[in-house]
Amino acid sequence: MMSDYDAIVVGAGNAGSAAAITMASKGLSVLLIDRSDPPGTKNLSGGVLWGNDLAKILPKWQSEAPLERFIQDKKIGFLTEKSSIIIDFKTKIFEENKVGHTVLRSKFDPWLAKKAKEAGATVIPGITVESLVKKDGKVIGVEESGDVVTSNVVILAEGINPRLAIEAGLRPPLQDWEVSVGVKEIIKLSPQKIEDRFNLSSTSGLASEYIMGNLGELNAGAFFYTNKDSISLGIVAPMERLRENGVIHTYDIIEQFKEHPSIAPLIDGGTVAEYGAHMIPEGGLEMVPQLFGDGYMIVGDSAGFGFSNGLVLQGMNYAFLSGILAGEAAVEAKSRNDFSSSSLSAYKRKLDNSYVLKDLRTFKDIRKVTNNKSMYTTYPKMLESILLEMLWERGQPKKKVREILGSCAADLNVGKLKTATDFYYMYRRM
Amino acid sequence: MDIKERLGKTKYDIDKSYAHITVDDRICEKCPHHFCVMACPAQCYTLQDGKLNFQYEDCVECGTCSIACDQGSVKWNFPKAGKGVIYKYG
C-alpha cells in the first residue's frame, strides 16, 4: 500500500522543522504537524540560539531569521544572598562571528516552519496528533480524531513531553532525574534602556547565567538575556532537588531571582509581558531512548538531547543537528526504499559521529557535578568570604590567602578532604 | 509580583469543553506530599484546608505535574486543536 507521505514530522520546533527542511529540500514528500497555530507558538526556550547547524540548511539564516541580539557579552557567575561574583567575558570574536543570538521562539519557530513550507513540506498547524499508528510492529502513520495519515517514516519531534513515544512504548515515562523545571518571564524594556544599561550597541546583546547560591540545596540556576526591546530571564531547578526540598513554589524561585540585589536594578522600570514554563532535558546520555526503529526516529528534546553543566545550558543546537541528521537518514532510506529499523540506523551512526552524542558521552558523569549540593551552597559562600577578606578594608590585620581559606572552610564547616575531592571530581568531569 | 497577575500577562485560548489534565480526587486525598502544589509553575494545584484543588485554565503545558505526581493521579494530555497557551514571545 502506498503511504500518503514519505515522512510525517510531529512537532514544529527546531528539531522537527530542521528535519522537514532537510527532507523536503531533497524532494521527499513531507507533512509537518504542530499542535499550535501559528506553528511553534507553544514553544519556549531560555533563548540563546547557536546557529552553526542551522547554517547547513539555511545559509542565510543570520540575515533572514527573526533574531533578537547577537551575543557579544557572556557572563557566568554565582549569586549569594547579598553578593554576585561574575566573570564577564566580552569578546570581539563573538562580534566577528555572530553565531550566538538571543531569540524569541514564538517569532523564530513560525519563521522556521515557513521555511519548511517553502522547501516543499505541507505544514498543518493547530492539530494535536493523538496516537501513532502501528502495523506489524512498524510505525506507519499518525491518527487524530479517527483520521489516519500514513507515511514511510514518522519523525517524533514532540519536545520534552514525548506523549506519543511514551504511549507507543518507544520510551519510558520521564523521571525526576531526567528533567529540570524552567520558569521564564519576558520583561519589556526600551532598546535605549537596554543599550545604555548593559553597554550594548543596537544589535549586540548580553547572555548571563548564574548558579543560585542563595537558595540552599535546590541546585537552581538562573539566566538573563537581552532581546531587542525586552529581557528574557528565568530559573532552572532540577526536579529531584525540588522534590527533596519542596518547600518553595517554582513560581516564587523566579521572584527571588528578580529581587536579588544585583538583578533588581537591571530590570528596574521594566514590565512583565509574559510568563511561561518549560521542562529541560538534563539526564544526559542515560536518558537517551532507543532513537530509531521500524518506521520512526526520535529527535531533539524528545530524545533527551541537551547539555548542561550548571553554567552552560544548550539545547536548540542539538535540536537542529539531530533533526538534520534524521532528515538525512530518511533521504537515504528513501533512496533504498527501505524504512526498516536497520535502514534508519544510519541516523544513530550520524549522531555517533556528531557532537550530539560525542558531547553526551564526554560529559556522561556531569550530573555528579551538577548534583553536588556544595556547588550551590558552600562554594559560592566560600568565594564570597574570600573576596570579602581580600577586598574589604575593615581596619584589621590582613591574612594570607591560606589562612583565609582555612578560616572560611572552618566557618562553613567543610573539610579539606571533601573540598579537595569535590574539586578533583569537577576537574575530571567538567 | 503575584503569580496570578503574572499569568494574566500570558495569552490563552482556553478549551472550555475539554480539560487536558485531570486528577483523581480519591488518590489526591491520600497523597503524602502534594508535591504538585510546589512544582507547578502556573499555580494550577492549590491546597485548601488540606484538600487539593486543580484547575487547568492557567496551565502552560510544561508537563511538570505529569512527573511531579508519583501517585498516579494526574492524567496528562496536550490540549486539542491549537487550544491552550499561545506564547507571544516564547
Quiz item: In Å, the Kirkwood hydrodynamic radius of segment A:377-429 over pairs of distinct alpha carbons?
Solution: 12.0 Å
Self-check item: Residue-averaged beta-carbon neighbours from other chains (10 angstrom radius) around B:63-71
Solution: 6
Exercise. Take the Cα coordinates of segment A:177-281, assign each an equal point scatterer, and use the Debye formula without solvent to give log10 I(q)/I(0) at q = 0.16 Å⁻¹.
Key: -0.69
Quiz item: For chain A, what percent of Cα pairs sit more than 28 Å apart?
Solution: 51 percent
Quiz item: So, with +1 on the Cβ of K and R and -1 on the Cβ of D and E, and no other charges, what is the size of the charge dipole of segment A:136-253 about its Cα centre, to the nearest 20 debye?
Solution: 380 debye
Quiz prompt | Partner chain coverage, peptide A:107-117 - average Cβ within 10 angstrom | solution = 1
Exercise. Just name one of A:GLY77, A:ASN43, A:THR102: the one whose Cα is farthest towards the positive end of the charge dipole of segment A:33-102 (beta-carbon charges, Lys/Arg +1, Asp/Glu -1).
Key: A:GLY77
Practice problem: Sort segment A:31-119 into rounded, prolate or oblate with this rule: let a ≥ b ≥ c be the square roots of the eigenvalues of the Cα gyration tensor; rounded if a/c is under 1.5, and if a/c is not under 1.5, prolate when a/b is larger than b/c, oblate otherwise. | Solution: oblate
Quiz item: Across chain A, where is the longest run that never hits GluC sites (Glu not before Pro) in a DSSP loop with at most 14 other C-beta atoms within 10 Å?
Solution: A:82-392
Quiz item: From Cα coordinates alone, what are the radius of gyration and Dmax values for segment A:1-74 in angstrom?
Solution: 14.6, 56
Quiz item: How much mean residue ellipticity at 222 nm does the protein assembly as shown get from its helices, if each DSSP H run of length 4 or more adds -39500 (n - 2.57) and you divide by all residues, to the nearest 500 deg cm²/dmol?
Solution: -9500 deg cm²/dmol
Exercise. Could you tell me which of A:SER208, A:TRP177, A:LEU242 has its Cα farthest along the dipole of segment A:177-281 towards the positive end, charges placed at Cβ (Lys, Arg +1; Asp, Glu -1), taken about the Cα centre?
Key: A:SER208
Exercise. Rank these for me by crowding, B:CYS62, B:CYS44, going from fewest to most other beta carbons within 10 Å.
Key: B:CYS44, B:CYS62
Quiz item: Using the per-residue mean of other Cβ atoms lying within 10 Å as a proxy for protection, in what order, highest first, do the peptides A:364-372, A:41-49 fall?
Solution: A:41-49, A:364-372
Quiz item: If packing is taken as the mean number of other Cβ atoms within 10 Å per residue, what is the order of A:132-138, A:122-128, highest first?
Solution: A:122-128, A:132-138
Quiz item: In degrees from 0 to 90, rounded to the nearest 10, what is the angle of the helix A:401-411 Cα long axis to the longest principal axis of chain A?
Solution: 80 degrees
Self-check item: Of A:LYS75/A:LYS350; A:LYS135/A:LYS334; A:LYS74/B:LYS88; A:LYS56/A:LYS364; A:LYS107/A:LYS138; A:LYS138/A:LYS348, those spanning more than 24 Å from alpha-carbon to alpha-carbon
Solution: A:LYS75/A:LYS350; A:LYS74/B:LYS88; A:LYS56/A:LYS364; A:LYS107/A:LYS138
Exercise. Looking at the protein assembly as shown, send over the antiparallel percent of its DSSP beta bridges, to the nearest 5.
Key: 70 percent
Practice problem: From other protein chains only, count the Cβ atoms within 10 Å of every residue's Cβ in B:3-10, then give the mean. | Solution: 5
Quiz item: What dipole magnitude, in Debye to the nearest 20, does chain A give about its Cα centre under +1 on Lys/Arg Cβ and -1 on Asp/Glu Cβ?
Solution: 1260 debye
Quiz item: Just the Cα atoms of chain B: what Rg and Dmax do they give in Å?
Solution: 13.2, 39
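Since every read-out is calculated from the coordinates, none of them should be taken as a lab result. Note that the structure is predicted; figures quoted are calculated from it, not measured. We place every Cβ from the backbone using ideal geometry, glycine too, and count neighbours over all the protein chains shown.
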